[in-house]
Structures are given as structure tokens and as C-alpha cells.
Amino acid sequence: MEMNWIAIFVSALATLVVGFVWYNPKVFGTIWMKETGLTQEELQKGNMLKIFGLTYIFSILIVFVEMSLTIHQTGAMSMIGGYAKINEALPSFKAFMADYGTAFRTFKHGALHGFISGLFFAFPIIAINGLFERKSWKYIWIHAGFWIVSLTIIGSLVCGWV
């Protein structure tokens with residue numbers, strides 16, 4: 001079980017692509033701007049290279065976490081000390097991986113885990129922050145929806161793209 005670096009780097013683009021659509025004024029962008037109190041002029045003043053660059057780097061970190069949540073074989077690999085120790089693994093580990101190395105490695109399974117992590121991890125974090133910041137439920141659901149969709153796509157790609 002090796003890491004698919006192409007899947008990792010492509011999956012990290014999901015937050016940018018989904019964000020481009022999600023926060024577009026024709027989708028949720030106008031409502032989001034109203035809820036945050038931002039204007040189009042204020043948004044254009046931001047350093048977009050910095051914003052998109054850091055977003056991509058942070059997204060790569062998110063992809064690694066999502067991989068550990070969606071790819072169950074990661075747990076088996078950690079039992080032997082990681083990929084570096086694969087040559088020292090007992091024959092039982094090699095037999096296990098031969099039998100189950102690709103079990104549950106589908107786009108559908110990854111999407112399920114991504115959706116669950118969005119709903120039960122990202123949403124509560126966003127809701128807690130929103131409640132303390134006295135933000136509306138519209139604001140909370142716009143951001144939570146973005147993360148639920150993004151994590152569903154990320155989970156799907158990193159799990160199914162074997």
C-alpha cells in the first residue's frame with residue numbers, strides 16, 4: 001500500500017474548486033457576503049496568491065487526515081511501524097494485505113467517510129465558532145455545507161483512486 005501522490009495533490013484542489021463554485025455570487029456568495037458584512041470591493045483587496053497558496057497547503061494537510069479516516073489499511077500499516085518497516089513485517093501481515101489490501105478502497109466508501117467527517121467533525125467545529133461569534137445559522141450552514149461537500153470529494157478521491 002503506497003501513497004498515491006497524484007491523488008493527494010489533486011484531492012487538495014477540491015477545496016479550491018468547490019469554494020470557487022460554492023462562494024460564487026450565483027450560488028451562496030451573495031448570502032455569505034451579506035452574513036459576513038463583506039463587500040466585493042473588500043474581497044478584491046486580499047492577496048489572492050497568499051490566500052489560494054495557503055489554502056492549498058492547508059488542504060494537503062486535510063487530505064492526509066482524511067486518508068487516515070477513509071483508508072482502513074492505514075491502521076494495519078501502522079501496526080508494523082509504517083511503510084518503512086514493510087520488509088520486516090511478519091508473513092501474517094503480508095497475507096492479510098494480500099487478502100484485504102484493497103478492501104473498502106472505493107470512491108463510494110471514501111465519500112461516505114468524507115461526508116461523515118464533514119457532518120460530525122467539521123460542522124460541529126464551525127457551529128461552535130459561529131455560536132460564540134454570534135453568527136447566523138445561515139452563515140454556519142454555508143460554511144458547514146462547503147466543508148461537508150469538500151470532505152466528501154476529498155474522501156472519495158483519496159480512498160478510491162488506488
**Request:** State whether the stretch 35-106 is rounded, prolate or oblate according to the following rule on the C-alpha gyration tensor (a ≥ b ≥ c being the square roots of its eigenvalues): a/c under 1.5 gives rounded; otherwise a/b larger than b/c gives prolate, and the remaining case gives oblate.
**Result:** prolate
**Message:** Spelling out what I want: for every residue of the stretch 54-65, take phi, set θ = phi - 60°, compute 6.51 cos²θ - 1.76 cosθ + 1.60 (Karplus), and round to whole Hz; glycine and proline get x.
**Reply:** 5, 4, 5, 4, 5, 5, 4, 4, 4, 4, 4, 5
**Request:** With unit charges on the beta carbon (Lys/Arg positive, Asp/Glu negative), name the residue among 44, 91, 71 whose Cα is farthest towards the positive pole of the charge dipole of the stretch 14-162.
**Result:** 44
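Please report, in debye to the nearest 20, how large the charge dipole of the chain is about its Cα centre when each Lys and Arg carries +1 at its beta carbon and each Asp and Glu carries -1 there.
My answer is approximately 280 debye.
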**Item:** Point-to-point label distance, residue 24-residue 76, nm (Cα→Cβ direction, 7 Å offset)
**Value:** 4.2
**Message:** Suppose R0 equals 41 Å. What FRET efficiency, 1/(1 + (r/R0)^6) with r the Cβ-Cβ distance, do residue 93 and residue 137 give to the nearest 0.05?
**Reply:** 0.30
**Prompt:** By a straight-distance test (C-alpha under 19 Å), which lysines pair with residue 108 as possible cross-link partners, with residues fewer than eight away in the same chain excluded?
**Reply:** none
**Prompt:** Using θ = phi - 60° and the Karplus curve 6.51 cos²θ - 1.76 cosθ + 1.60, what whole-Hz ³J(HN,Hα) does each residue of the stretch 86-92 get, with Gly and Pro shown as x?
**Reply:** 4, 6, 9, 5, 5, x, 5
**Fill in**
Judged on accessible area alone, 1.4 Å probe, highest first, 86, 125 line up as 125, 86
**Prompt:** Quick one: Karplus J couplings for the stretch 129-144, per residue in order, coefficients 6.51, -1.76, 1.60, θ = phi - 60°, nearest Hz, x for Gly and Pro?
**Reply:** 4, x, 5, 5, 7, 6, 8, 6, 5, 4, 4, 4, 6, 4, 5, 5
**Prompt:** Separation of the stretch 1-64 and the stretch 91-106 by C-alpha centroid, Å?
**Reply:** 35
**Asked** Hey, what's the Cα Rg ratio for the stretch 105-162 versus the globular rule of thumb, 2.2 N^0.38 Å?
**Response** 1.24
**Fill in**
Check: in the stretch 9-92 the Lys pairs 8 or more apart or on separate chains whose Cα atoms fall under 29 Å apart number 5
**Request:** Keeping all protein chains in place, calculate the accessible area per residue for the chain (probe 1.4 angstrom), answer in Å².
**Result:** 63
**Prompt:** Mean residue ellipticity at 222 nm from the helices of the chain, using -39,500 (n - 2.57) per DSSP H segment of n ≥ 4 over the full residue count, to the nearest 500 deg cm²/dmol?
**Reply:** -21500 deg cm²/dmol
**Message:** Among 152, 59, 23, whose Cα projects farthest towards the positive end of the dipole of the stretch 21-162, with charges put on the beta-carbon of Lys, Arg (+1) and Asp, Glu (-1)?
**Reply:** 23
**Fill in**
For 157, 49, the accessible-area ranking with a 1.4 Å probe, largest leading, is 49, 157
**Request:** Would you mind computing Rg(Cα) / (2.2 N^0.38 Å) for the chain, counting N as its residues?
**Result:** 1.24
**Request:** Determine how many Å³ per residue the convex hull of the Cα atoms of the stretch 51-145 encloses.
**Result:** 132
**Asked** Counting only protein heavy atoms and using a 1.4 Å probe, what share of the accessible area of the chain belongs to carbon plus sulfur, as a whole percent?
**Response** 72
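The values are calculated or read from the model by the stated rules, or taken from the named source; none is laboratory data. Only a predicted model underlies this, so the values are computations on that prediction, with no experimental measurement involved. Backbone-built Cβ (ideal geometry, glycine too); neighbour counts: all protein chains shown. Calculation scope for accessible area: heavy atoms of the full protein, side chains included, ligands and nucleic acids excluded. Shrake-Rupley method; radii C 1.70, N 1.55, O 1.52, S 1.80 Å.
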